Amino acid sequence: MAHEAGSSINSIARRLGISRNTVRKYAAGFDAAGVDGLLARKAIPRKADNEEFNSALFALLHEPPSLSGYNRTTWRLQDLKAALAARGHSASKSVISEAIKKAGYRWRSAKVVLTSNDPDYTQKLEHVQSVLSNLLPDERFFSVDEFGPFAIKAKSGRVLAELGTYPSVPQWQRSKGWLIATAALELSRNQVTHFYSRAKNTTEMIRMITVLLDEYRPARTLYISWDAASWHMSKKLLSFVDMHNGAAHGLPRLELVPLPASAQFLNVIESVFSGMARAIIHSSDYPSVRAATEAIDRYFHDRNRQFKEHPKRAGKKIWGNERTLPTFDPANNCKDPRFR
């Protein structure tokens, strides 16, 4: 008010016992936005929302605590705080807890979702990263996994409902059948190859490799990456790969790049599966197995067409449905903790 009345900056500063710069700042704020400009609280960035901090936090969570010198099988907040500080990311336990909760995780799920117990975690992770960082134009890297089995029946999920209406799904239903979708995501061009299986076994993995060899015939090398399921590393499968590489007959060579045990969060295709589940599985009630497969086929067809028309490496969310950026990153949480 003194400034509006014509008092000088110096006289106001002396009268109120504050600096001239503070007077100028208050005067400018009042001129720009009135009283609201003076009283509005400034938004303070929260560390729990900082991308660099979150990346460091989840990269650490995905490692066994033993790699940081803790003789434990699961992480504790005080251990995370100390380990992050040692890596140059100081944060309180409340900030760490807030960041984990915002990502959709709770401590009760840590053993299943967040932590790999593979003693060779670091070496396997470095090998996968080395392959990806040196991938040549005529080489292809595939993330392979199975979705299911899941029953074809009414599924729960988020739906738009009138006020006072509470949608429900019967707990006991007669299944119309079941499905297993076996799929491979090619990271360079973000294309999904899929088919339907009756079981999860070595035969289906060899079938997938055969399909990829035919589809990507011009490539020089196909890198196949998957989790540590027994049928992904069976003697029969390893023998098939050795026999193929010994007599490729113009087909691409095969290289297996296994992920660490209990490391679904590194399997990039899990992000695509989570997006598909949210888009066409949750809140669904398909009348038959055929109707469900047609919906899945159309989803992957539309997704592949999107990236053919707008070529990009795996690293872009599709229509906002995929849980995380589908990139190979040790800080990623590709698998949705609410869907298994």
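The values are calculated or read from the model by the stated rules, or taken from the named source; none is laboratory data. Predicted model only: the values in this text are computed from it and were never measured. Don't worry about glycine lacking a Cβ; one is built from the backbone with ideal geometry, like all the others, and counts go over all protein chains shown.
Once segment 263-302 is narrowed to residues that are within 15 Å of the chain's Cα centre (by Cα) and assigned to a loop (DSSP other than H, G, I, E, B), the residue that is modelled with the highest pLDDT is VAL268. In summary, ARG174 fulfils each of the numbered conditions (1) touching a residue at least 24 places away in the same chain (Cβ under 8 Å); (2) charged (D, E, K, R); (3) farther than 20 Å from PHE273 by Cβ with the single exception of condition (1). Being surrounded by 21 or more Cβ atoms within 10 Å (Cβ to Cβ), among the aliphatic types (A, V, I, L, M) and within 26 Å of GLY177 (Cβ to Cβ) is the requirement here; does ALA292 meet it? In short, yes.
Here is a check on your reading of the model: is VAL144 assigned to a loop (DSSP other than H, G, I, E, B) and among the β-branched types (Val, Ile, Thr)? No; evaluated as a whole, the condition is false for this residue.
Inspection of segment 74-89 finds a residue satisfying the criterion of being farther than 18 Å from ALA56 by Cβ and either in contact with a helix residue (DSSP H, G or I) (Cβ under 8 Å, 6 or more places away or on another chain) or at pLDDT 80 or above (or both). VAL241 - would you say it is surrounded by fewer than 20 Cβ atoms within 10 Å (Cβ to Cβ), part of a helix (DSSP H, G or I) and either not assigned by TED's automatic domain parsing to the domain that holds PHE142 or not aromatic (Phe, Trp, Tyr) (or both)? Yes.
A single member of LEU251, LEU213 is over 30 Å from ALA154 (Cβ atoms), outside any loop (DSSP other than H, G, I, E, B) and in the same structural domain as LEU136 (by TED's automatic domain parsing), and it is LEU213. Of all the residues in segment 125-174, those that are at pLDDT 80 or above, among the acidic types (Asp, Glu) and either over 30 Å from TYR223 (Cα atoms) or not assigned by TED's automatic domain parsing to the domain that holds TYR223 (or both) number 0.
In segment 303-320, of all residues being within 20 Å of the chain's Cα centre (by Cα) and modelled with pLDDT of 85 or more, the one that is surrounded by the most Cβ atoms within 10 Å (Cβ to Cβ) corresponds to ARG303. Applying the set (1) over 28 Å from THR122 (Cβ atoms); (2) at pLDDT 80 or above to SER66 leaves exactly one unmet item: (1). One residue alone among SER197, SER230, SER225 is among the polar types (S, T, N, Q), buried (at least 16 other Cβ atoms within 10 Å of the Cβ) and either at pLDDT below 90 or not assigned by TED's automatic domain parsing to the domain that holds ASP302 (or both), and that residue is SER225. Checking each residue in segment 210-239 for being farther than 18 Å from ASP138 by Cβ and either of a type in the set (A, V, I, L, M) or touching a His at 6+ places or on another chain (Cβ under 7 Å) (or both) picks out VAL211, TRP226, ALA228, ALA229, MET233, LEU237, LEU238.
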